Amino acid sequence: MSLFDLNSKIELITKDEKKTAGLIQDIVDNKIYVTIPSDNKELIILHLGEQLKGFVYEKQKLIAFDAIITDRINADIPTYELSSLTNFIALQRREDVRIPCSIPVYYTKNEFLYSISDVEKNIDNIWKYVDRGVVSDLSAGGLRFSCVEDSSVGQNMLLLFELDSVTIIVKGSIVYKELNVATNKTTYIYGVKFQDISESKREQIINHIFVLMRKNRLK
């Protein structure tokens with residue numbers, strides 16, 4: 001099991017989309033032993049025989065796989081044994097895998113709001129100035145969305161969208177533009193590249209992409 005390093009961060013997501021995070025404590029005979037700190041805000045109880053998806057965050061890649069809980073070790077820190085590891089997918093962080101989706105996105109071109117360094121603290125104020133669009137595909141490096149407002153390539157904007165009940169706020173810049181003309185309606189389609197996105201937000205987006213990929217494989 002050389003795919004993983006000890007003490008790597010791992011996120012576990014159950015079939016009903018509940019999730020928790022921990023660390024890889026040990027790897028023995030193709031089994032992974034995961035510790036989950038008791039102070040984890042997303043702590044959930046996992047059950048023997050439960051099937052789940054694992055996401056392991058390495059330095060230059062993220063690895064997703066399916067697993068089954070085969071043991072729970074009683075200790076000061078909850079420790080679970082993961083077995084039957086299958087369906088491995090590796091995503092290099094330099095590769096921004098793009099996946100089709102359809103979710104609302106809210107954006108503002110307000111230059112003052114774009115210049116704010118800590119946008120999360122000003123989210124209530126930002127909501128007053130946003131317009132709505134629809135995301136058609138998403139990656140950790142950017143997104144493609146459509147709306148009825150005309151903008152220019154190079155335009156900076158703040159984007160807000162929700163993934164797994166969490167609002168993601170990122171800065172972006174339009175890198176390409178398309179025009180879709182239909183009867184009585186003109187729609188603009190933009191490709192936006194994220195600017196100065198934090199590693200934690202990248203991980204949230206990559207995590208969501210893998211969940212969508214898993215759902216698509218199960219259809």
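Restricted to region 101-136, and to residues that are acidic (Asp, Glu) and either at pLDDT below 95 or not assigned by the TED database to the domain that holds residue 170 (or both), which residue is nearest to residue 172 (Cα to Cα)?
111
All but one of (1) part of a strand (DSSP E or B); (2) within 19 Å of residue 207 (Cβ to Cβ); (3) among the hydrophobic types (A, V, I, L, M, F, W, C) hold for residue 134, so report the exception by its number.
Exception for residue 134: condition (2).
Here is a check on your reading of the model: is residue 165 loosely packed, with under 12 Cβ neighbours inside 10 Å, farther than 18 Å from residue 102 by Cβ and of a type in the set (S, T, N, Q)?
In short, no.
Take residue 10 and tell me if it is at pLDDT 90 or above, surrounded by 18 or more Cβ atoms within 10 Å (Cβ to Cβ), part of a strand (DSSP E or B) and in contact with a Phe, Trp or Tyr (Cβ under 9 Å, 6 or more places away or on another chain).
Here the answer is yes, as residue 10 does meet what is asked.
Restricting to region 135-185, give me the number of residues that are without any contact (Cβ under 8 Å) to a residue 24 or more places away in the chain and under 20 Å from residue 211 (Cα atoms).
1
Scan region 173-209 residue by residue and report those that are of a type in the set (D, E, K, R) and farther than 22 Å from residue 91 by Cβ.
177, 178, 185
Looking at region 202-213, I want the residues that are assigned by the TED database to the domain that holds residue 12 and have a partner that is hydroxyl-bearing (Ser, Thr, Tyr) with Cβ atoms under 7 Å, at least 6 apart or on another chain. Which pairs are those?
If the second residue must be hydroxyl-bearing (Ser, Thr, Tyr), no pairs are left.
Name the pairs whose Cβ atoms lie under 6 Å apart, with the first residue in region 30-42 and within 17 Å of residue 19 (Cα to Cα), the second modelled with pLDDT of 80 or more and part of a loop (DSSP other than H, G, I, E, B), and 6 or more positions between them or separate chains?
Filtered contacts from region 30-42: 35/77; 36/78.
The values are calculated or read from the model by the stated rules, or taken from the named source; none is laboratory data. For clarity, every value in this text was computed on a predicted model and none was experimentally measured. Note that each Cβ is placed from the backbone with ideal geometry, even for glycine, and that neighbours are counted across all protein chains shown.
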